[in-house]
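The values are calculated or read from the model by the stated rules, or taken from the named source; none is laboratory data. These numbers come from a predicted model, not from an experiment. FYI the Cβ positions are ideal-geometry reconstructions off the backbone, even for glycines, and counts take in every protein chain you see.
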Amino acid sequence: MTEPSDLELLDQWRNGDADAGQALFQRHFDSIYGFFETKCEADADELVQSTFLACLRARDQFRKESSFRTYLFTIARHELYRVLRGRQRDGARLDFELSSIAELISTPGTRIARNQEHQHLLEVLRQLPVEQQTLLELHYWEDMEIADLAEVFEMPAATIRTRLHRARKALREKMEHKAPPRALETLETMDEWARGLSRRPAR
């Protein structure tokens, strides 16, 4: 028997099958947790919960114009931005194209930085603006291409293509003294290297 698709589980969930909703969340839990773990490790559990609760409240609003996965990451991005905005003091405005996680949150290195290359990559990603960090992580570690990223960020594909290119260049510039030299020969070799590291190193 083949596994039901996300949309099949969603239809069953909408029709009152709570087990289908649970299966849908379990299927995507690790990816959503990893999305938050690299940015707000101490709050990852709470943010995963708030993301799934928001999805629960809005489950009948999803029109199936994109994959359920990109829809869920769209909610996750909104939850991340909501928490980061809430930490700003004195009503200061927050620009996710300019502000980085390293500037917004002071935390020790994350648990997933198990080896030197992972640690270097994560340290540099956290120094990029939040939007660039999120773009690159979804592109490298969730295999999202332009169309999916456009859905998650609610922007035209052309805009996402430009911003992703800028993010890749910014990462390469910051990684010049961190990564193995061959990893940075071109943007493409850097992409291959970063994807190969994955979100969680082998234990």
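Structure notes:
For (1) under 22 Å from the mean Cα position of the chain (by Cα); (2) within 20 Å of Met144 (Cβ to Cβ); (3) surrounded by fewer than 18 Cβ atoms within 10 Å (Cβ to Cβ), each residue gets a yes or a no:
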position: Glu3; (1), (2), (3): no, no, yes
position: Glu8; (1), (2), (3): no, no, yes
position: Arg14; (1), (2), (3): no, no, yes
position: Asp17; (1), (2), (3): no, no, yes
position: Ser31; (1), (2), (3): yes, yes, yes
position: Cys55; (1), (2), (3): yes, yes, no
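- Scope the stretch 1-42; condition in contact with a Phe, Trp or Tyr (Cβ under 7 Å, 6 or more places away or on another chain) and of a type in the set (D, E, K, R); matching residues: Asp6
- The helices (runs of 4 or more DSSP H) located wholly in the stretch 38-149 that include 3 or more residues which are modelled with pLDDT of 90 or more and hydroxyl-bearing (Ser, Thr, Tyr) occupy 68-86.
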